[in-house]
Amino acid sequence: MKKKARRSQEVLDAGKMLDPRCVLCLSAEDDAALFGDKITLQDDKIAVHYFCLLTSCGVYQRGKDSEGIFGFLVKDIKQESRRSARLTCCVCKKKGACVGCYVKSCRKMVHFPCGRKNGFVSQFAENFPSYCPDHSPFQSLGVNADLSLPQSCSVCLDAVDGNLSYAVLKCPSCHASWFHRDCVQRQAHSAGLFFFRCTLCNNKDEYQQEMLRMGIYIPERDASWELETNAYADLLEVYMHCDAHECLCVNGRAHSAKTGWFQAIRCLLCGSRGTHRKCSGLKVDTNDWACPECTKCTDGKASLVASPQAAPRRALASKRLLPATPLPLTCKKPSLSLASPEELLQALTPVAQLAELLVEVVDDQVLPAALELVRRPDFDPSLRLSFRFSYSRQNMSSDDILSDNAAREKFFTLMTEQIQESDVFEGPPGCKNLALLPQALRNDSYFDVGCLLSLSLVCGGPAVGFFSRALYQCLFNFPANQPLDITHLTQHTRIAAYVKAIAMAESLEELRDAASLGEDFLEAAGCKRPIGSLKERDKLVEDLVGFALITRMQLPLRRFREGLQTLGVFNQVQLFPSVFRDVFCEADVVSAERLDRLFTVEVSHDQRHLSTESCLVSFWRRFLSETEGPPPLRHRIINTAGRRAPADSHHFLPPPSGRSRKRRRR
């Protein structure tokens, strides 16, 4: 009878080892996100949840990390199991409660799984305290009660209760992200310490501190998707398959030789189709090929190679992929011999070719002719350009025919002036920012303008001279890491007026009223959040300025940079940003023209004095010009954003009223 009982006990013990229960909470549940990893020691015949070890009242980490279970010694775990066997859980009324409330006057004890399901909060930091529902930390609404509250969990998107509780938490930063406790715990278990943040406002520091306070465990490791072995192996696979209508390779469509007729090449546009050169009738050295699907999607203009039956053709799409001319070796590093912008740009001049492109300009309409030039299918920036000006009968000029150099100088000077006045830019003269225009995006005008400015600089045209410092910083990151402020916004625009109204708010009510005037803009900028104090004003202004100048202008800036890469100009400017800033921006020098702009001329009403006063004004302007003298070559290249107006220009005509005197313009 004793042998039979002993054998039954051995079978029972073996069954326990097949599905061991935690020695502390006596539960067999195995959910790493909610209860921690379940660790089993076969030699010592014990299994325990990691969270049970951390939150138990009577066990401590007395060993090294390599000893026992992460420093918890086996004998200490067994001793804690014996101690808790005498304590009753206040939830399930069973023995083995090892987690107690941290408040000394409270005597409540629970198993960790029971406590988690019934409102116990265990904080996984410092002393790892646990609190019963009567003493546990809680969250308050913290925002205006009139605001609409979230209706769904920002993690699982299921409905959430409209009241904050143990099961429903919120983000302390944006107050708009609400979630279930179990959902955010699983998110923390997956994201780890380095990627765990609010799913709406992307806040990390405040969010993690608040979640730790509310009992969320954040593992100190990388994200789970980063730890998976060969998680991104599929991205390294290269498509090598012949998709031609008829494959001529005897080894099959999957065969790809290293070189020659039967080397498989991929579509340059999509990369998901391939062909053997022989199967598609290509040349033996062809590497650029577009599949039929991409050709159809681009209206038959996607082919980047010459067809064997037709003449070579460069499509409009291929113009967008023009490679920048490689920089000479001497341009890779700053040197004393290339100290000026003129010499740096001269190093980019392509080798002279016999072929040339003729540009026809009618009635000084240079910009339309220049846009037509860069949009030609056969346009190549390395070709020589020749210019011919013609005039209609209404605009007939008696001037002699311009020489090649004079025509070139006139073309690029007028083109730069007309680009500055085009709709692609906004702002006052000499301080232009890019304008966001849907039509310009559809026409790809930002790329075209960047390409034209690069051609002008390399071919000896005038300096650009009208970029704002903010635009130059957004394009070339110079000065590096310098924040943009409200002064960099284009003045007299709706966005600038709106941000200025927020910046000038002196009370919380004024700040809220100013912010409410542009709720659509706030929502688009990702800044629509409750405003709790006046201290949030500067941060809100900074976010709005960054959105207005950088975030919403990402596509125009990217296309403009790609246009400036023509002939290697963009790369050259990135190497020497301080040298080229005065080429693109208006130089801060005192000239006769700038000094004249500081004053406004007012003349008298009496016509008898008008001629005398006009002569006096002309004398002073002539005196300033003679004092300034002829500008040197470098000064002319850098400061030619706009030509000096002639003597009969409207800028110099005195107004018909007022006494002749000069006053400083406010």
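The values are calculated or read from the model by the stated rules, or taken from the named source; none is laboratory data. Keep in mind that this is a model prediction, so the values were computed, not measured. For neighbour counting, all protein chains shown are included, and Cβ atoms are generated from backbone atoms with ideal geometry for every residue, glycine included. Remember, those area values only see protein heavy atoms, side chains included, never the ligands or the DNA or RNA. Shrake-Rupley method; radii C 1.70, N 1.55, O 1.52, S 1.80 Å.
Structure summary
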item	result
Output for segment 443-473, where each listed residue is under 21 Å from the mean Cα position of the chain (by Cα) and of a type in the set (D, E, K, R)	Asp444, Arg469
Residues satisfying the stated conditions in segment 407-431, i.e. within 15 Å of Phe389 (Cβ to Cβ) and in contact with a Ser or Thr (Cβ under 6 Å, 6 or more places away or on another chain)	Phe412
Complete set of residues in segment 512-525 that are more than 16 Å from Val545 (Cβ to Cβ) and of a type in the set (A, V, I, L, M, F, W, C)	Leu517
Filter result (of a type in the set (Val, Ile, Thr) and more than 25 Å from Cys52 (Cβ to Cβ)) within segment 188-223	Thr199
Helices (runs of 4 or more DSSP H) wholly inside segment 411-497 that include at least 3 residues being in contact (Cβ under 8 Å) with a residue 24 or more places away in the chain and out of contact with any Gly (no Cβ under 8 Å at 6 or more places or on another chain)	445-458, 469-476
Condition check for Ile39: over 30 Å from Pro530 (Cβ atoms) and assigned to a strand (DSSP E or B)	yes
Residue pairs meeting the criteria (Cβ under 9 Å; at least 6 apart or on separate chains; first within 26 Å of Cys297 (Cα to Cα), in segment 246-270; second of a type in the set (Phe, Trp, Tyr) and open to solvent by less than 30 Å² (accessible area, probe 1.4 Å))	Ile265/Trp289; Arg266/Trp289; Cys267/Trp289; Leu268/Trp289
One residue from Leu436, Leu402, Leu453 being open to solvent by 20 Å² or more (accessible area, probe 1.4 Å), of a type in the set (A, V, I, L, M) and at pLDDT 90 or above	Leu436
Number of the exception - Gly119 against (1) in contact (Cβ under 8 Å) with a residue 40 or more places away in the chain; (2) on the phi < 0 side of the Ramachandran plot; (3) out of contact with any His (no Cβ under 8 Å at 6 or more places or on another chain)	(2)
Some residue of segment 81-98 being open to solvent by 30 Å² or more (accessible area, probe 1.4 Å), over 54 Å from the mean Cα position of the chain (by Cα) and more than 17 Å from Cys25 (Cβ to Cβ)	no
Residue tally, condition open to solvent by less than 60 Å² (accessible area, probe 1.4 Å) and either touching a residue at least 40 places away in the same chain (Cβ under 8 Å) or within 30 Å of Phe70 (Cβ to Cβ) (or both), over segment 220-242	4
Considering residues of segment 543-557 that are open to solvent by 40 Å² or more (accessible area, probe 1.4 Å) and touching a residue at least 60 places away in the same chain (Cβ under 8 Å) only, the residue nearest to the chain's Cα centre (by Cα)	Ile550
Residue match in segment 525-542 (condition: in a helix (DSSP H, G or I), under 22 Å from Ala435 (Cβ atoms) and open to solvent by 40 Å² or more (accessible area, probe 1.4 Å))	no
Single match in Phe576, Phe570, Phe560 (criterion: under 20 Å from Gly460 (Cα atoms) and at pLDDT 90 or above)	Phe570
Complete set of residues in segment 42-60 that are modelled with pLDDT of 90 or more and either loosely packed, with under 15 Cβ neighbours inside 10 Å or in a helix (DSSP H, G or I) (or both)	Tyr50, Phe51, Cys52, Leu53, Leu54, Thr55
Given (1) open to solvent by 10 Å² or more (accessible area, probe 1.4 Å); (2) over 25 Å from the mean Cα position of the chain (by Cα); (3) in contact (Cβ under 8 Å) with a residue 12 or more places away in the chain, number of the condition Glu510 does not satisfy	(3)
Subset of segment 99-109 (residues that are surrounded by 16 or more Cβ atoms within 10 Å (Cβ to Cβ), part of a loop (DSSP other than H, G, I, E, B) and over 48 Å from the mean Cα position of the chain (by Cα))	Lys108
Complete set of residues in segment 110-123 that are farther than 16 Å from Val23 by Cα and open to solvent by 20 Å² or more (accessible area, probe 1.4 Å)	Arg116, Lys117, Asn118, Gln123
Selection within segment 368-388 - open to solvent by 30 Å² or more (accessible area, probe 1.4 Å) and either in a loop (DSSP other than H, G, I, E, B) or of a type in the set (A, V, I, L, M) (or both)	Leu371, Arg375, Arg376, Pro377, Asp378, Asp380, Leu383
